[in-house]
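Worksheet for the structure shown next.
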Amino acid sequence: MTRRMLIVGPPGAGKGTQSKKISEELGIVAISTGDIFRENIKGGTPLGQEAQKYVEAGNLVPDSLTNRLIEDRLSWDDAENGFLLDGYPRNLTQVEAFDEIIARLGVELDVVLELTAEKEELVSRLAKRAQQEGRSDDTEDVIRHRLEVFESETSPMIAEYSTRGLLKQVDGLGAVDEVNARIMKELR
Ligand code: ADP
(Lines give C-alpha, C1' and ligand atoms only; values in the text may rest on other atoms or scores of the structure.)
Protein backbone atom coordinates (compact mmCIF):
# COMPACT_ATOMS: atom_id res chain seq x y z
CA MET A 1 0.00 0.00 0.00
CA THR A 2 1.05 3.53 -0.71
CA ARG A 3 2.94 5.24 2.08
CA ARG A 4 4.51 8.30 0.48
CA MET A 5 2.49 10.36 -1.89
CA LEU A 6 1.69 13.76 -3.33
CA ILE A 7 -1.74 15.12 -4.12
CA VAL A 8 -1.71 17.65 -6.94
CA GLY A 9 -4.23 19.59 -8.96
CA PRO A 10 -5.50 23.11 -9.55
CA PRO A 11 -6.79 25.39 -6.78
CA GLY A 12 -10.32 24.28 -5.91
CA ALA A 13 -9.90 20.68 -7.09
CA GLY A 14 -10.57 19.42 -3.57
CA LYS A 15 -7.05 18.47 -2.51
CA GLY A 16 -7.45 19.58 1.10
CA THR A 17 -10.75 17.75 1.58
CA GLN A 18 -9.48 14.53 0.02
CA SER A 19 -6.12 14.74 1.82
CA LYS A 20 -7.82 14.58 5.19
CA LYS A 21 -9.78 11.49 4.19
CA ILE A 22 -6.81 9.70 2.61
CA SER A 23 -4.68 10.48 5.62
CA GLU A 24 -7.23 8.84 7.93
CA GLU A 25 -7.77 5.86 5.66
CA LEU A 26 -4.08 5.13 5.16
CA GLY A 27 -2.87 6.23 8.59
CA ILE A 28 -0.31 8.65 7.20
CA VAL A 29 0.16 12.30 8.08
CA ALA A 30 -1.21 14.91 5.65
CA ILE A 31 0.96 17.99 5.29
CA SER A 32 -0.38 21.06 3.46
CA THR A 33 2.03 23.88 2.75
CA GLY A 34 -0.93 26.24 2.21
CA ASP A 35 -2.31 25.37 5.67
CA ILE A 36 1.11 25.82 7.26
CA PHE A 37 1.51 29.25 5.66
CA ARG A 38 -2.02 30.33 6.66
CA GLU A 39 -1.53 29.20 10.27
CA ASN A 40 1.75 31.09 10.48
CA ILE A 41 0.25 34.21 8.94
CA LYS A 42 -2.59 34.07 11.45
CA GLY A 43 -0.16 33.58 14.33
CA GLY A 44 2.12 36.38 13.12
CA THR A 45 5.23 34.18 13.26
CA PRO A 46 8.42 35.16 11.38
CA LEU A 47 7.57 32.55 8.71
CA GLY A 48 4.08 34.02 8.42
CA GLN A 49 5.41 37.53 8.09
CA GLU A 50 7.69 36.44 5.28
CA ALA A 51 5.04 34.46 3.44
CA GLN A 52 2.08 36.82 3.79
CA LYS A 53 2.56 39.10 0.82
CA TYR A 54 3.06 36.20 -1.58
CA VAL A 55 0.11 34.17 -0.34
CA GLU A 56 -2.26 37.13 -0.40
CA ALA A 57 -1.27 38.01 -3.97
CA GLY A 58 -1.65 34.38 -5.11
CA ASN A 59 2.06 34.11 -5.91
CA LEU A 60 4.34 31.30 -4.86
CA VAL A 61 6.28 31.82 -1.67
CA PRO A 62 10.05 31.77 -2.52
CA ASP A 63 11.34 28.26 -3.12
CA SER A 64 14.18 28.49 -0.61
CA LEU A 65 11.76 29.21 2.23
CA THR A 66 9.28 26.53 1.18
CA ASN A 67 11.97 23.88 0.64
CA ARG A 68 13.42 24.47 4.09
CA LEU A 69 9.98 24.31 5.65
CA ILE A 70 9.28 20.92 4.05
CA GLU A 71 12.68 19.45 4.88
CA ASP A 72 12.10 20.35 8.50
CA ARG A 73 8.52 19.07 8.57
CA LEU A 74 9.39 15.72 6.98
CA SER A 75 12.01 15.09 9.64
CA TRP A 76 9.36 14.92 12.38
CA ASP A 77 8.57 11.48 13.82
CA ASP A 78 5.01 11.45 12.51
CA ALA A 79 6.25 11.45 8.90
CA GLU A 80 8.56 8.48 9.36
CA ASN A 81 6.11 5.83 8.21
CA GLY A 82 4.56 7.80 5.41
CA PHE A 83 3.20 11.14 4.34
CA LEU A 84 0.80 12.83 1.99
CA LEU A 85 1.96 16.20 0.72
CA ASP A 86 -0.62 18.71 -0.47
CA GLY A 87 0.75 21.79 -2.21
CA TYR A 88 4.38 20.74 -2.47
CA PRO A 89 6.33 20.49 -4.72
CA ARG A 90 4.64 23.18 -6.78
CA ASN A 91 7.13 23.89 -9.58
CA LEU A 92 10.15 22.20 -11.18
CA THR A 93 12.68 23.84 -8.88
CA GLN A 94 10.85 22.43 -5.89
CA VAL A 95 10.84 18.98 -7.53
CA GLU A 96 14.65 19.10 -7.65
CA ALA A 97 14.86 20.15 -4.03
CA PHE A 98 12.32 17.52 -3.02
CA ASP A 99 14.34 14.80 -4.80
CA GLU A 100 17.31 15.74 -2.64
CA ILE A 101 15.27 15.97 0.54
CA ILE A 102 13.80 12.49 0.23
CA ALA A 103 17.15 11.07 -0.84
CA ARG A 104 18.62 12.45 2.41
CA LEU A 105 15.75 10.85 4.32
CA GLY A 106 16.45 7.58 2.49
CA VAL A 107 12.91 7.14 1.21
CA GLU A 108 11.11 7.08 -2.15
CA LEU A 109 7.92 8.52 -3.50
CA ASP A 110 5.27 5.90 -4.31
CA VAL A 111 2.65 7.85 -6.21
CA VAL A 112 1.51 11.29 -7.35
CA LEU A 113 -2.24 11.60 -7.37
CA GLU A 114 -3.72 14.27 -9.61
CA LEU A 115 -7.25 15.53 -9.01
CA THR A 116 -8.62 16.94 -12.24
CA ALA A 117 -11.46 19.42 -12.73
CA GLU A 118 -12.79 21.81 -15.35
CA LYS A 119 -11.85 25.47 -15.00
CA GLU A 120 -15.46 26.65 -14.69
CA GLU A 121 -16.12 24.21 -11.87
CA LEU A 122 -12.97 25.40 -10.09
CA VAL A 123 -13.92 29.05 -10.29
CA SER A 124 -17.40 28.39 -8.95
CA ARG A 125 -16.13 26.18 -6.10
CA LEU A 126 -13.57 28.79 -5.09
CA ALA A 127 -16.13 31.59 -5.19
CA LYS A 128 -18.37 29.53 -2.90
CA ARG A 129 -15.49 28.83 -0.52
CA ALA A 130 -14.71 32.55 -0.47
CA GLN A 131 -18.18 33.23 0.91
CA GLN A 132 -17.99 30.44 3.49
CA GLU A 133 -14.42 30.71 4.75
CA GLY A 134 -13.31 34.18 3.81
CA ARG A 135 -9.80 33.15 2.77
CA SER A 136 -7.98 36.33 1.84
CA ASP A 137 -6.66 34.77 -1.37
CA ASP A 138 -10.11 33.74 -2.58
CA THR A 139 -11.03 37.07 -4.19
CA GLU A 140 -11.86 36.92 -7.89
CA ASP A 141 -8.65 38.53 -9.14
CA VAL A 142 -6.42 36.45 -6.90
CA ILE A 143 -8.29 33.24 -7.83
CA ARG A 144 -7.69 33.96 -11.50
CA HIS A 145 -4.04 34.63 -10.81
CA ARG A 146 -3.64 31.38 -8.82
CA LEU A 147 -5.10 29.46 -11.75
CA GLU A 148 -2.54 31.11 -14.06
CA VAL A 149 0.31 30.29 -11.69
CA PHE A 150 -0.96 26.71 -11.65
CA GLU A 151 -0.89 26.53 -15.45
CA SER A 152 2.54 28.07 -15.86
CA GLU A 153 4.44 26.68 -12.85
CA THR A 154 2.64 23.63 -11.52
CA SER A 155 1.54 21.91 -14.75
CA PRO A 156 5.16 21.28 -15.83
CA MET A 157 5.84 19.74 -12.43
CA ILE A 158 2.91 17.34 -12.90
CA ALA A 159 4.18 16.48 -16.40
CA GLU A 160 7.55 15.61 -14.88
CA TYR A 161 5.97 13.04 -12.54
CA SER A 162 3.99 11.67 -15.46
CA THR A 163 7.27 11.12 -17.32
CA ARG A 164 8.60 9.34 -14.27
CA GLY A 165 5.60 6.98 -14.37
CA LEU A 166 4.32 8.01 -10.95
CA LEU A 167 1.17 9.89 -11.93
CA LYS A 168 -2.37 8.61 -11.33
CA GLN A 169 -5.24 10.83 -12.41
CA VAL A 170 -8.63 10.91 -10.73
CA ASP A 171 -11.67 12.93 -11.78
CA GLY A 172 -12.38 15.41 -8.99
CA LEU A 173 -15.93 16.10 -10.10
CA GLY A 174 -18.77 14.78 -7.95
CA ALA A 175 -19.60 14.25 -4.29
CA VAL A 176 -16.73 14.10 -1.79
CA ASP A 177 -17.33 10.40 -1.05
CA GLU A 178 -17.58 9.50 -4.72
CA VAL A 179 -14.26 11.16 -5.46
CA ASN A 180 -12.73 9.47 -2.42
CA ALA A 181 -13.91 6.05 -3.59
CA ARG A 182 -12.25 6.67 -6.99
CA ILE A 183 -9.02 7.66 -5.25
CA MET A 184 -8.94 4.63 -2.97
CA LYS A 185 -9.54 2.35 -5.96
CA GLU A 186 -6.54 3.90 -7.73
CA LEU A 187 -4.33 3.54 -4.66
CA ARG A 188 -5.05 -0.13 -4.06
P1 ADP B 1 -4.64 26.49 -3.59
O2 ADP B 1 -4.06 25.22 -4.13
O3 ADP B 1 -6.14 26.43 -3.43
O4 ADP B 1 -4.21 27.71 -4.36
P5 ADP B 1 -2.99 26.28 -1.15
O6 ADP B 1 -3.60 26.29 0.18
O7 ADP B 1 -2.37 25.02 -1.61
O8 ADP B 1 -4.17 26.73 -2.13
O9 ADP B 1 -1.90 27.45 -1.30
C10 ADP B 1 -2.20 28.76 -0.97
C11 ADP B 1 -0.98 29.66 -1.20
O12 ADP B 1 0.11 29.23 -0.36
C13 ADP B 1 -0.41 29.64 -2.61
O14 ADP B 1 -1.10 30.51 -3.49
C15 ADP B 1 1.05 30.11 -2.33
O16 ADP B 1 1.12 31.50 -2.10
C17 ADP B 1 1.36 29.41 -1.02
N18 ADP B 1 2.00 28.10 -1.24
C19 ADP B 1 1.47 26.89 -0.91
N20 ADP B 1 2.31 25.89 -1.24
C21 ADP B 1 3.41 26.48 -1.80
C22 ADP B 1 4.61 25.98 -2.35
N23 ADP B 1 4.89 24.67 -2.42
N24 ADP B 1 5.51 26.88 -2.83
C25 ADP B 1 5.27 28.19 -2.78
N26 ADP B 1 4.14 28.72 -2.29
C27 ADP B 1 3.21 27.88 -1.80
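Could you give the accessible area per residue of the chain, probe 1.4 Å, as a whole number in Å²?
Details: 9830 Å² over 188 residues.
Here the per-residue accessible area is 52 Å².
Ratio of alpha-carbon Rg to the 2.2 N^0.38 Å globular estimate for the chain, to two decimals, please. Walk me through the numbers before you get to the answer.
On the way: Rg = 15.7 Å, N = 188, 2.2 N^0.38 = 16.1 Å.
In units of the globular-protein estimate, the chain measures up at 0.98.
Kirkwood Rh over Cα pairs of the range 11-62 into Stokes-Einstein at 37 °C, 0.692 mPa s: D in µm²/s? Kindly include the intermediate steps, with their values, before the conclusion.
Values: Rh = 12.1 Å.
D, rounded to a whole number, is 271 µm²/s.
Please list, or write none, the lysines whose alpha carbon is within less than 26 Å of the alpha carbon of Lys20, excluding same-chain residues fewer than 8 places away.
Lys42, Lys119, Lys128, Lys168, Lys185
Treat every Asp and Glu Cβ in the chain as -1 and every Lys and Arg Cβ as +1, leave all other atoms uncharged, and give the resulting dipole magnitude about the Cα centre to the nearest 20 debye.
Values: 24 positive and 35 negative charges, 56 e Å.
Dipole magnitude for the chain comes out near 260 debye.
Of the heavy-atom accessible surface of the chain (probe 1.4 angstrom), what whole percent is carbon and sulfur?
Details: 4570 of 9830 Å².
The value for the chain is 46 percent carbon and sulfur by accessible area.
Which of Pro156, Pro89, Pro11 ends up with the largest GNM mean-square fluctuation for the chain, with Cα atoms connected below 10 Å?
Ranking Pro156, Pro89, Pro11 by mean-square fluctuation puts Pro156 first.
What chymotrypsin sites (Phe, Trp or Tyr not before Pro) does the range 1-91 have in DSSP loop regions with at most 16 other beta carbons within 10 Å? Before the final figure, lay out the partial values.
Values: sites: Phe37, Tyr54, Trp76, Phe83; in loops: Trp76.
Taking the range 1-91 and a limit of 16 other Cβ atoms within 10 Å, the loop chymotrypsin sites (Phe, Trp or Tyr not before Pro) found are Trp76.
Determine the percent antiparallel among the DSSP beta bridges restricted to the chain, to the nearest 5.
Taking every DSSP beta bridge within the chain, about 0 percent pair in antiparallel fashion.
The values are calculated or read from the model by the stated rules, or taken from the named source; none is laboratory data. Small disclaimer: the values here were computed from a predicted structure and weren't measured. Counting neighbours? That spans all protein chains shown, and the Cβs are built from the backbone with ideal geometry, glycine included. The area values use the complete protein model at the heavy-atom level, side chains included, leaving out ligands, DNA and RNA. Shrake-Rupley method; radii C 1.70, N 1.55, O 1.52, S 1.80 Å.
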